[in-house]
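Bear in mind these aren't lab numbers, they're just calculated from the coordinates by the rules spelled out. Keep in mind the model is a prediction, meaning the values are calculated, not measured. Cβ sites come from the backbone with ideal geometry, for glycine too, and all protein chains shown count toward neighbours.
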Amino acid sequence: MIKIERLTKTFGDTTVLHNIDLTIATGETVTIIGPSGSGKSTLLNCLNLLVTPDEGSVTIGEAFYQAPKLSKKTRLTIRRQSAMVFQNYNLFANLTVEANVTEALVTVYRWSKATATQRALELLNDVGLRDKAKLYPHQLSGGQKQRIAIARALAIKPNVILFDEPTSALDPELVTEVLHVIQSVVKQKITAIIVTHELAFARDVSDRVVLMADGQIVEHNTTAAFFDHPQHERTKQFLAAFS
Ligand code: ADP
Ligand code: MG
């Protein structure tokens with residue numbers, strides 16, 4: 001479902017991603033962990049071309065991109081393969097909860113208003129927020145906002161869902177409700193990449209775990225092997241800092 005080959009990204013004279021290779025099968029859940037500034041967000045952003053890589057290639061779902069040349073059509077097809085859930089929700093403040101979920105369905109995908117609304121209400125029901133449909137984002141808690149953002153991400157039935165530190169902005173008592181929703185999403189076998197510092201959660205839901213540092217993949221293994229028998233000193237140090 002996802003194949004990243006020799007991906008490199010430089011900002012100014014700082015190389016933020018060095019020659020990244022990563023392959024993810026359909027239905028897999030892969031967690032990326034690593035220190036701040038290691039390139040985790042940049043890697044996710046390269047998968048939907050919010051950031052354009054300098055070198056390398058990305059295959060995602062039905063789309064293929066070979067850097068550095070990028071046509072409008074390729075950007076669009078790549079972008080339609082995935083949906084992103086951000087740390088800060090990125091909800092539309094001026095739209096109701098329901099309209100946040102239907103917006104792309106109606107404007108980008110040309111669904112009828114009625115079909116989009118029906119789909120939105122189903123998704124809101126799935127994340128336990130059917131009764132909030134007519135409220136605005138500012139009337140919700142952070143945990144509720146993030147659950148709406150997840151419903152919105154799922155609305156377009158993406159091949160891949162990308163979570164970039166989905167619980168990092170939340171008060172601690174709101175983290176569990178969001179992790180619970182993410183867990184129910186990945187159980188549906190949608191292909192997912194999760195960037196998180198919630199290591200216990202990562203251990204629970206991931207098929208594989210990747211440690212990034214300084215723009216490189218330091219360690220990549222199946223979940224149990226990663227946590228129980230880390231191979232690299234850098235991984236051992238990183239895990240020790242959390243225990
Ligand atoms: P992480 O998500 O692991 O914290 P990021 O991918 O956000 O790391 O950032 C990796 C590095 O790239 C950091 O040094 C950051 O300052 C730099 N960086 C990220 N985005 C930009 C940008 N748009 N312009 C310049 N530097 C950037
Ligand atoms: Mg980040």
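Could you work out how much longer the chain between L199 and Q216 gets when fully extended? Use 0.36 nm per residue separation minus the Cα distance between them, nm to one decimal.
4.2 nm
Could you work out which residue, out of I24, I32, I148, moves most in a Gaussian network model of the chain, that is, has the largest mean-square fluctuation with Cα springs under 10 Å?
I24
H180 versus E55, label points 7 Å from Cα toward the beta carbon: distance in nm?
If labels sit at H180 and E55, their model points lie 4.8 nm apart.
Counting other beta carbons within 10 Å of each Cβ, put M84, M1 in order, fewest first.
Taking fewest neighbouring Cβ atoms as first place, the list is M1, M84.
For A93 and K3, compute 0.36 nm times the residue count separating them, minus their Cα-Cα distance, and round to one decimal in nm.
Computed gain between A93 and K3 is 28.9 nm.
Give me the dipole magnitude in Debye, nearest 20, for segment 2-242 about the Cα centre, with unit charges on the beta carbon: positive for Lys and Arg, negative for Asp and Glu.
1040 debye
Mind sorting S57, S243 by how few other Cβ atoms lie within 10 Å of their own Cβ, fewest first?
S243, S57
Neighbouring Cβ atoms within 10 Å as the yardstick, rank Y65, Y136 fewest first.
Ranked by crowding around the Cβ, least crowded first: Y136, Y65.
Pop the C-beta distance of Y136 and Q188 into the FRET formula with R0 = 22 Å and round what comes out to the nearest 0.05.
Once the sixth-power term is evaluated, E becomes 0.20.
Roughly how far apart, in whole Å, are the Cα centres of segment 1-70 and segment 182-243?
About 17 Å separates the Cα centre of segment 1-70 from the one of segment 182-243.
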